[in-house]
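Take a look at the structure set out below.
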Amino acid sequence: MNGKLDSAYSHHAACRMQQRGIAPELVELLLSIGRSSYHQGRELVYLDRKGVTMLQAEYGVPAECCQRLRVHYLVLQGGEIVTVGHKTTHFKRDRH
């Protein structure tokens with residue numbers, strides 16, 4: 001992944017983390033093993049199937065916990081975390 005640990009949070013991201021109950025440890029986990037894609041000039045980081053498999057195999061995280069982690073995502077711009085959230089629908093990727 002991009003290896004951006006100890007990242008800077010924008011004020012908006014810090015507020016959203018608190019409002020949505022997303023722990024800083026989860027953000028660091030997403031940054032270290034999450035999948036990265038780009039949308040409208042910003043980096044989108046989320047946990048895909050490969051990341052879930054890695055969590056289960058290497059870290060021993062239970063399957064039901066991994067599935068709950070899949071709904072979180074981060075938006076980064078210029079190395080700063082702009083916002084965090086919960087996915088309510090799938091991301092539309094690879095559209096042409």
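List of remarks:
- Close Cβ contacts (under 8 Å, 6 or more residues apart or on different chains) running from residues in the range 72-89 that are modelled with pLDDT of 90 or more and part of a strand (DSSP E or B) to residues that are of a type in the set (D, E, K, R) and buried (at least 16 other Cβ atoms within 10 Å of the Cβ) comprise VAL75/GLU43; LEU76/LYS4; LEU76/GLU43; GLN77/GLU43; THR83/ARG16; VAL84/ARG16; GLY85/ARG16.
- The range 18-40 residues that are surrounded by fewer than 18 Cβ atoms within 10 Å (Cβ to Cβ), paired with ones that are among the charged types (D, E, K, R) and assigned to a helix (DSSP H, G or I) (beta carbon under 7 Å, 6 or more apart): none
- Of the set (1) aliphatic (A, V, I, L, M); (2) in a helix (DSSP H, G or I); (3) in contact (Cβ under 8 Å) with a residue 60 or more places away in the chain, all apply to VAL52 but (3).
- Residue satisfying all of: in the range 3-27; at pLDDT 90 or above and touching a Ser or Thr at 6+ places or on another chain (Cβ under 8 Å); nearest to LEU69 (Cα to Cα) among these: VAL27
- Filtering the range 34-69 to residues that are of a type in the set (A, V, I, L, M, F, W, C) and within 9 Å of the chain's Cα centre (by Cα) leaves LEU44, VAL45, LEU47, LEU69.
The values are calculated or read from the model by the stated rules, or taken from the named source; none is laboratory data. Quick caveat, the model's predicted, so the values are computed rather than measured. When we count neighbours, we look across all protein chains shown, and the Cβ atoms used for this are built from the backbone with ideal geometry, even at glycine.
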